[in-house]
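Take a look at the structure below.
A short reminder: the numbers here are calculations on the coordinates, not readings from a lab. Just so you know, these numbers come straight off a predicted model, no measurement behind them. Neighbour counts are summed over all protein chains in view; Cβ atoms, including those assigned to glycine, are modelled from backbone coordinates with ideal geometry.
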Amino acid sequence: MKILIAGCGKVGETLINALTLEGYDLTLIDISSPVLSALLGKYDVIGVEGNCASLETLEEAGVKEADLLIACTGSDEVNLLCCMTAHAKNRNLHTIARIRNPEYVDQSYEMQDSFGLSMMFNPELQAASEIERLLRYPGFLKRDLFAKGRMELVELKLDESSILKDRPLREISALVRCRVLICAVLREGVAHIPDGQFVLKEGDRIFVTASPDNLALLLKNLGITTKRVRDVMIAGGGTITYYLIELLKNRGIQLSVVEQNLSRCERLAEDFPNITVIQGDVSNHDYLASEGISSCDALVSLTGNDELNLVLSLYGSSLGLPQIITKISHMENSRIIDNLPLGSVICPRKLCCNNILRFVRAMKAKSGAAVTIHAIADGQVEASEFYVEKDTRHAAEALKTIRLRPDIRIACISHGSKTTIPGGDSCFYPGDRLVIVSKKEAEVRLLNDIFA
């Protein structure tokens, strides 16, 4: 499959890295010669220098022979024009455009056919949606939904007081007194797909599948006290903040936004008259103290500077704030970040990469591909949701009789309106949904790939 990637910034490089690892034929288009040169030296790809919205540049990149174009430049207008032009020259081409501006989102969906778009993605909106879910259910570092919301995969970190510490997994259900499955563990930067003998240690990040009702029981029985979030301070007034306010404005939450840029403050105050907008420097901790940061239920660090977000979240942690959410654009030093009390860490470009990767895999497989893919454990593990089809092997057989490939687990079976954590006697049937957890190197593309 030949894929064109137009725009090689932070989002573009994240996609390049993911797609080259899966062996796709990539051609990169960017107007910056230094950017292209750096990527060509790092990846086995073809590069074309030029304006990606130009027909001449697109033809040089081979648009007529391409299967997919992903337009992810920093300009929504360029991305839309790029997709329109490319699709006009190749009617069989699938196109994906990055659309960030809130003013364009609705009309892009309404005019999707006119723009020749197969899919749109918005890293900032996806980040805001993830933050909204975390604020709705404090206590977890991350939450992913499966089976139409009837099953969740959540992340927790074990501290020195956890009752799970130094316990083998086979004892966990009895300890937490509810039906859950620990399907992955991240220890010292290395991901594990554990069996019943695996012993949990302090500092482990564990990934748990359970129904929403059992998640509430899990928190209660682990002694993790949570209360409804009522007062949130947001540092930074950029695009993610704008989307987040839209999602939270009718939730009965008192929102305060601290932003240094006057024009951003004026726009937020005009568009959202019921929130508190403060023009100020979030790096000044005395100033934040005077604005009541210590009384907040949650601090969300969303400035455009990773280092500032880190320092601000560390300050919030030192104050003992109940919930902290930190946006990090560069996750290269994830092991260092893991050891810092930053609460939930959000990386917008990695969030959107998952959806694009699912679309690309579905194009390649045509049928039987995952309907949902979430990267967990710092991207070392994938949780994928599949439909059981007529040609799926081992249907109607008890799981205890089925041999799976190493480092793969069936984490959930959804049958009609009933979703369960499977046991040895569980079976799956055509029409069911399965959530599969696997190490990334296992390369599970189709459901039948999981079987030995």
Starting from the 7 Å offset along Cα-to-Cβ, what nm value, one decimal, do you get for the label separation of E60 and E110? 3.7 nm
What does the convex hull of the Cα atoms come to per residue for the stretch 369-450, in Å³? 87 Å³
Taking only the alpha-carbon positions of the chain and ignoring solvent, what does the Debye formula give for the base-10 log of I(q)/I(0) at q = 0.06, 0.12 Å⁻¹? -0.28, -1.13
Extension gain K390-V311, at 0.36 nm per residue separation less the Cα-Cα distance, in nm? 23.1 nm
Under 18 Å Cα-Cα from K142, which lysines qualify once same-chain neighbours fewer than 8 residues away are excluded? K157, K220, K227, K327, K350
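Multiply the residue separation of E246 and D159 by 0.36 nm, subtract the distance between their alpha-carbon atoms, and state the gained length in nm to one decimal.
Result: 27.9 nm gained on full extension.
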Based on the Cα atoms of the stretch 1-137, what semi-axes does the equivalent ellipsoid have, where each is the square root of 5 times one gyration tensor eigenvalue, given in whole Å with the largest first? 24, 19, 13
Mean Cα-pair separation over length for the stretch 140-221, i.e. relative contact order, pairs under 8 Å, 6 or more apart, %: 36 percent
Using a 10 Å cut-off around each Cβ, can you sort I29, I193 from fewest to most neighbouring Cβ atoms? I193, I29
Take the Cβ-Cβ distance between I46 and L446 as r, set R0 to 22 Å, and report the resulting FRET efficiency rounded to the nearest 0.05. 0.20
Sort S114, S283 so that the residue with the fewest other Cβ atoms within 10 Å of its own Cβ comes first and the one with the most comes last. S114, S283
Additional length obtainable on full extension of the chain from K400 to K227, 0.36 nm per residue less Cα span: 58.3 nm
Proximal lysines to K418, defined as alpha-carbon separation beneath 19 angstrom and excluding residues fewer than eight positions away on the same chain: K148
Cross-link candidates for K89: which aspartates and glutamates have Cα within less than 17 Å, leaving aside residues fewer than 8 places away along the same chain? E56, E59, E60, E65, D67, D113
Taking only C-alpha pairs under 8 Å that are 6+ residues apart, what is the relative contact order of the stretch 231-321 in percent? 34 percent
The convex hull of the Cα atoms of the stretch 231-321, divided by residue count, gives a volume in Å³ per residue of 83 Å³
